[in-house]
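A.B. asks: Below: one structure in structure tokens.
The values are calculated or read from the model by the stated rules, or taken from the named source; none is laboratory data. Here the structure is a predicted model, which means the values were calculated and not measured. Cβ placement follows ideal geometry from the backbone for every residue including glycine, while neighbour counts extend to all protein chains displayed. Heads up: the accessible areas ignore ligands, DNA and RNA and are worked out on the full protein's heavy atoms, side chains in. Shrake-Rupley method; radii C 1.70, N 1.55, O 1.52, S 1.80 Å.
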Amino acid sequence: MNDFTAASPGTPSTHADILYGPPRPDLLREEVLADLLEATARRCPEHTALIDGARRISYAELDAQAGLAAARLVAAGVKPGDIVGLWLPRGAHLLLMQAAIAKAGAAWLPVDEDTPVERLQVCLDDANGAGVVSCAQFAPRLADAGLGRPVWTAESLLAPAAPGEHLPARGKVLPEHPAYVIYTSGSTGKPKGI
């Protein structure tokens, strides 16, 4: 006999296919995604975190690169609780920038690479986005659109630190701060953020 029981069908706020166990408040911690990434990098730094074609990125490399990009976002004014647009092709840079935005304490608002700039603008305006992280390939389209907010490229955020470059740490990030924002398709009208 174990400590888990199947919920009876029709029980309010339970589901018959889910096993429910006793509450375990001792397992709850005040931690955020960036804390989990950093702890994993300390625990197993040489393990592979990302594979992008032939390229393998260890947890230590992921943490260091995301930390560098995060520090540059913080230096640019991104703070915990902000929302940052994320418009990149799929691949390692996309995942590195998700980690960087999380390490800055902000939430990422992703849009697919084939998303029109106008839709990105609507979502950023609605979310009061602090800026958008993109890439050198997409940056000219963003400049032409006149977003009215900063555009950072993954390439510039990941460039090696210059001698004497000040790289600030993020402020206190709380579990109540958003980590991720996604928008509905807007097929019935204006896209809505979740």
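A.B. asks: In nm, to one decimal, how far is the Ala136 label point from the Ile182 one, both placed 7 Å along Cα→Cβ?
C.D. replies: 3.1
A.B. asks: While we're on this one: Extending each Cα 7 Å along its Cβ direction at Ala54 and Ile18, get the distance between those two points in nm, one decimal.
C.D. replies: It is 4.6 nm.
A.B. asks: Can I ask one more? Take the eigenvalues of the Cα gyration tensor for region 137-194, scale each by 5, and report the square roots as semi-axes in whole Å, largest first.
C.D. replies: That gives 29, 22, 9 Å for the three semi-axes.
A.B. asks: Show me 113-120, 86-93, 97-104 ranked by packing, highest mean number of other Cβ atoms within 10 Å first.
C.D. replies: 97-104, 86-93, 113-120
A.B. asks: Where in region 83-111 is the amide nitrogen less than 15 Å from a point lying 7 Å along the Cα-to-Cβ axis of Ala145?
C.D. replies: Only 84-89, 109-111 fall inside the zone, counting backbone N under 15 Å.
A.B. asks: Moving on. Ordering His166, His15 by how much accessible area each has at a 1.4 Å probe, largest first, what is the list?
C.D. replies: I get His166, His15, largest accessible area first.
A.B. asks: Plugging the Kirkwood radius over Cα pairs into Stokes-Einstein for the chain, at a temperature of 10 °C and a viscosity of 1.306 mPa s, what D comes out in µm²/s?
C.D. replies: Using the Kirkwood radius from Cα pairs, D works out to 85 µm²/s.
A.B. asks: Please state the charge dipole magnitude for the chain, taken about the Cα centre, from unit charges on C-beta atoms (+1 on K and R, -1 on D and E), reported in debye and rounded to the nearest 20.
C.D. replies: Value, rounded to 20: 200 debye.
A.B. asks: Another question about this same structure. Picking from Gly85, Gly53, Gly146, which is most flexible by a Gaussian network model of the chain using Cα springs under 10 Å?
C.D. replies: It is Gly53.
A.B. asks: Between Asp112, Asp82, Asp26, find the one with the highest GNM mean-square fluctuation for the chain; connect C-alpha pairs within less than 10 Å.
C.D. replies: Asp26
A.B. asks: Which aspartates and glutamates have a Cα less than 18 Å from the Cα of Lys190, not counting those fewer than 8 places away in the same chain?
C.D. replies: Asp112, Glu118, Asp125, Asp126
A.B. asks: Residue by residue through region 29-37, which ³J(HN,Hα) values in whole Hz follow from phi under the Karplus form 6.51 cos²θ - 1.76 cosθ + 1.60 (θ = phi - 60°), with glycine and proline marked x?
C.D. replies: 10, 8, 9, 10, 3, 4, 4, 5, 4
A.B. asks: Restricting to the chain, what percent of DSSP beta bridges are antiparallel, rounded to 5?
C.D. replies: The antiparallel fraction comes to roughly 40 percent.
A.B. asks: Have a look at Leu94, Leu27, Leu109 and tell me which one the Gaussian network model of the chain (Cα, springs below 10 Å) gives the largest fluctuation.
C.D. replies: Evaluated over the chain, the most mobile residue of the options is Leu27.
A.B. asks: Summing -39500 (n - 2.57) over the DSSP H runs of n ≥ 4 in the chain and dividing by its residue number, what mean residue ellipticity at 222 nm do you reach, to the nearest 500 deg cm²/dmol?
C.D. replies: -9500 deg cm²/dmol
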